[in-house]
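The values are calculated or read from the model by the stated rules, or taken from the named source; none is laboratory data. Since we're looking at a predicted model, the values are computed, not measured. For neighbour counting, all protein chains shown are included, and Cβ atoms are generated from backbone atoms with ideal geometry for every residue, glycine included.
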Amino acid sequence: LFEVLELVTGFETRNKYVLRNANGEQVYYAFEESECCERQCCGADRSFTMHIVDNFKREVLLIRRPFKCFGGACFGLCANVGCCGSECTVESPPGNVIGTVNQRGAFCASALEMKDADDKVILRVEGPCCCMMCGCQDKEFPVDTTTGENIGYITKKWGGCLREAYTDADVFSVTFPLDLDVRAKAVLLGATFLIDFMEFEHPKNNNR
């Protein structure tokens, strides 16, 4: 219903997500809290609070993103300017910051640093150059340690021509080691939401 509303009217609605495990079972549900005016006027650059709840509707994570101008991948060179680079904080339980995600300067690519509560970099993500990405395939964003060791991927799945062209429905998969610290996993989830907004939350080919 929400995707149809966006498609027909061009009215940007709040995003909602279902989070599933490797067996396809729903484990969490996420919903965006944001201002209507910001959604219409600022689009993907808008501020938001993402609420992540479990199947019993208990809030387990809170992700807050402030408004940042030109925070997308193709404006990566502006990321070192404080007012431009995308960022978010991850809280668990709500009110207790366990980490942050910050866009860092890079040429035409999504480059993110994930930090712990002590502001120490723990993981990095750098995606493909936005000028080089083919639209008809999965898009991988490698997750590396600070020493350059690859430990996983954030992958935006190709959904087919119709879904990609006419809806905002996207599917992501996130892979990581089983023994990765639970707080690092939560911050990695925050990075996934940030990538969705930076890279893929844009008007489709529907005269919007």
State whether the residues of region 33-44 include one that is hydroxyl-bearing (S, T, Y) and either at pLDDT 95 or above or not in a loop (DSSP other than H, G, I, E, B) (or both). no
Within region 72-84, is there a residue that is surrounded by 15 or more Cβ atoms within 10 Å (Cβ to Cβ) and either modelled with pLDDT of 90 or more or β-branched (V, I, T) (or both)? no
Is there a residue in region 87-108 that is touching a strand residue (DSSP E or B) at 6+ places or on another chain (Cβ under 7 Å), buried (at least 18 other Cβ atoms within 10 Å of the Cβ), at pLDDT 75 or above and in a loop (DSSP other than H, G, I, E, B)? yes
Every residue in region 45-58 that is assigned to a loop (DSSP other than H, G, I, E, B) and either touching a Gly at 6+ places or on another chain (Cβ under 9 Å) or surrounded by fewer than 15 Cβ atoms within 10 Å (Cβ to Cβ) (or both), please. N55, F56, K57, R58
If P128 meets every condition in (1) over 14 Å from the mean Cα position of the chain (by Cα); (2) modelled with pLDDT of 85 or more; (3) part of a strand (DSSP E or B) apart from one, which number is that one? (2)
